[in-house]
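Asker: The following block contains the structure, expressed as structure tokens.
Please treat every number below as a calculation from the coordinates, not as lab data. If you're wondering where the values come from, they're calculated on a predicted model, not measured in any experiment. Note that each Cβ is placed from the backbone with ideal geometry, even for glycine, and that neighbours are counted across all protein chains shown.
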Amino acid sequence: MPVAHADTTTTTPLTTPPTLGTTGAQLKRQEAIDRFLADPKVHDWLEHYPPAPQTDASFENGSWTVHVWSGKAGEVATGNVDDATGAVTEAWTGPQVAWRMARGYKGAFGGDRINEPALWLAACAIFLIGLVDWRRLRSVRNVDLLVLVSLSVSLWFFNHGNVFAAMPLAYPPLLWLLLRCVWVARGDRPPSSAPVWPVWALAAATVFLAGFRVGLNIRASNVIDVGYSGVIGADRIWHGQSPYGNFPQEDDLKECGPADSAGEVRDRIQTNGRCETANPLGDTYGPVAYLAYIPGYLIFGWSHKWDSLPSVHFTSILFDLLALLGLAVVGRRLGGPRVGAAAAFAWAAWPFTQYASSSNTNDSIGPALLVWGLVAVTSDLGRGAAVALSGWTKFASLLVLPLWTGYPRARRPRSVALTVLGFLLATVVVFFVLFLEPSPLHAARVFYDRTVSFQVGRDSPFSIWDWGQYHAKGLPDLHVVQRVLQGVLVVGALALGVFPRRRSPLRLAALTAVVLIGFELVLTHWFYLYLPWFFPFVVLALVAPLPGTAREPAQPAVG
């Protein structure tokens with residue numbers, strides 16, 4: 001299976017360029033540098049910076065590697081020049097220097113198949129054909145469906161290495177979906193349009209698509225570092241260790257394996273004496289992100305290497321199917337057979353859920369658990385436990401706790417108390433991993449440093465909020481705006497504990513989507529794999545809507 005390295009940190013810029021040898025080269029060092037600087041992509045990017053940047057180049061195996069630095073911005077460009085022909089074979093600028101995942105490598109996420117335009121467009125077409133209201137083509141609900149697939153445009157630019165075009169294009173669809181969910185929650189009336197296909201047709205298509213998805217994951221997907229971290233954490237927990245601070249490291253440890261596709265030797269002899277593939281930043285998620293992999297770990301084991309990792313594939317498929325099944329159950333229970341069939345079909349057909357499955361990440365775990373919380377929506381303890389299990393996977397769901405404390409009405413002290421109790425009980429259960437260490441207090445501090453502190457303080461080019469780090473003319477520094485919006489999000493999430501007072505299934509789903517979309521809108525490090533976090537609740541609010549308190553307008557009689 002191909003393996004993708006999803007960078008989680010940026011490299012530290014060098015202040016003094018190195019000086020390296022040139023033995024056997026046909027080009028002189030300055031000639032290689034000049035050819036690289038003349039490359040159109042490099043030349044256009046360096047126009048954003050002061051003239052006369054620092055440069056250097058090294059020669060090895062018939063190729064020059066050129067580096068360009070500019071003051072506080074650090075390294076702003078790098079690439080390769082063929083010594084024999086003088087041609088620039090690779091040119092990376094801006095975020096592509098430190099972030100390999102910004103370079104547009106084919107199949108880096110999900111493998112080659114899911115990223116094939118024909119397969120992706122076919123999935124979008126199936127999604128639309130199955131869910132569009134063909135009787136009311138100009139309905140707003142059909143626009144919602146088009147918006148959901150329009151995120152593909154942003155992904156296309158990302159796959160071609162154009163981060164500065166890809167990221168801004170993701171915000172309009174997300175903002176549209178947020179505002180539509182606010183509108184539906186405000187009126188508490190489901191959209192008047194509905195799928196036109198009979199239940200049996202949607203169910204049959206869903207079963208077929210589910211089988212196809214499983215086959216695609218097994219035969220044509222990859223495992224990125226996010227999924228790889230899951231089986232490492234499961235191994236540590238099963239052997240009586242907290243996962244936090246105990247992941248395989250790379251620095252200053254003896255090599256014990258070959259170099260990977262990027263030329264790095266990641267297999268190192270760890271302090272436990274085993275040869276393991278390093279993943280030093282994999283312990284940045286909640287404990288459920290590791291506990292969820294224990295069943296797959298017990299069935300398939302782990303070789304301690306970043307290989308095909310069948311336990312990770314098993315876990316990805318399991319939670320993908322649990323999310324699909326949960327949507328079918330909650331839709332049928334709260335809205336009827338047609339809603340259940342349409343909701344499950346939406347998950348099976350939307351290409352971004354398969355994108356997460358084919359990347360074998362942990363991004364389906366949180367939404368699957370939260371959807372099953374809706375199945376148990378009438379249980380105060382069950383709702384609270386579901387929020388805890390989902391939130392202690394990748395944290396976003398923690399923000400919906402105030403909203404979920406009141407169903408079917410807010411401001412009921414007994415309901416609030418029981419929901420919070422369910423949340424606390426589930427939290428205590430999953431955080432037993434900290435008590436596997438000799439000092440639980442120290443383990444708690446390590447947990448905070450490795451998760452909350454790291455996630456809050458990280459840099460990333462995969463949003464519009466942190467582009468100021470490149471110190472380039474024309475790229476705005478929006479940190480102040482981001483902080484204001486983050487404050488609005490937190491205050492709004494807390495206010496949902498009190499308002500609105502009535503909580504229909506539709507309103508609960510719509511406002512859950514609002515909170516989760518809002519969370520993604522203000523993230524510094526955002527990615528397409530996060531789209532499944534809110535998707536089930538957008539489906540239950542806009543696509544296969546649950547019933548609301550307000551009555552639907554009467555439809556005219558036919559015939």
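Asker: Which of the residues belonging to the range 405-420 are assigned to a loop (DSSP other than H, G, I, E, B), out of contact with any Lys or Arg (no Cβ under 7 Å at 6 or more places or on another chain) and surrounded by fewer than 17 Cβ atoms within 10 Å (Cβ to Cβ)? Walk me through it before giving the result.
Answerer: Taking the range 405-420 and keeping what is assigned to a loop (DSSP other than H, G, I, E, B), we get 405-408, 410-412.
This time we only want the ones that are out of contact with any Lys or Arg (no Cβ under 7 Å at 6 or more places or on another chain), so: 405, 412.
412 - this is the single residue of the range 405-420 that is assigned to a loop (DSSP other than H, G, I, E, B), out of contact with any Lys or Arg (no Cβ under 7 Å at 6 or more places or on another chain) and surrounded by fewer than 17 Cβ atoms within 10 Å (Cβ to Cβ).
Asker: For the range 378-388, name all the residues that are within 21 Å of residue 343 (Cβ to Cβ) and buried (at least 21 other Cβ atoms within 10 Å of the Cβ). Can you show your working first?
Answerer: Restricting attention to the range 378-388, the residues satisfying the condition of being within 21 Å of residue 343 (Cβ to Cβ) are 378-379, 382-383, 386-387.
Listed by number, the residues that qualify are 383, 386, 387.
Asker: A further question follows. Within the range 354-385, how many residues are among the hydrophobic types (A, V, I, L, M, F, W, C), over 30 Å from residue 122 (Cα atoms) and touching a residue at least 24 places away in the same chain (Cβ under 8 Å)?
Answerer: Taking the range 354-385 as the starting set, the residues that turn out to be among the hydrophobic types (A, V, I, L, M, F, W, C) are 356, 365, 368-372, 374-377, 381, 385.
Next, from what is left, pick out any that are over 30 Å from residue 122 (Cα atoms): 374-377, 381, 385.
Now restrict to residues that are touching a residue at least 24 places away in the same chain (Cβ under 8 Å): 374-375, 377, 381, 385.
The total comes to 5.
Asker: Can you spot a residue in the range 519-528 that is free of Cβ contacts under 8 Å to residues at least 12 places away in the same chain, part of a helix (DSSP H, G or I) and under 25 Å from residue 420 (Cα atoms)?
Answerer: To start, the set of residues in the range 519-528 that are free of Cβ contacts under 8 Å to residues at least 12 places away in the same chain comprises none.
The answer is no; no qualifying residue exists.
Residue-wise test of (1) in a helix (DSSP H, G or I); (2) crowded, with 21+ Cβ neighbours inside 10 Å; (3) touching a Lys or Arg at 6+ places or on another chain (Cβ under 8 Å).
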| position | (1), (2), (3) |
| --- | --- |
| 136 | no, no, no |
| 153 | yes, no, no |
| 175 | yes, no, no |
| 182 | yes, no, no |
| 189 | no, no, yes |
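Asker: Could you please find all residues in the range 122-148 being within 22 Å of the chain's Cα centre (by Cα) and without any contact (Cβ under 8 Å) to a residue 40 or more places away in the chain? Give the derivation first.
Answerer: Kept after step one, since they are within 22 Å of the chain's Cα centre (by Cα), are these residues of the range 122-148: 123-124, 127, 144-148.
Answer for the range 122-148, where residues must be within 22 Å of the chain's Cα centre (by Cα) and without any contact (Cβ under 8 Å) to a residue 40 or more places away in the chain: 146, 147.
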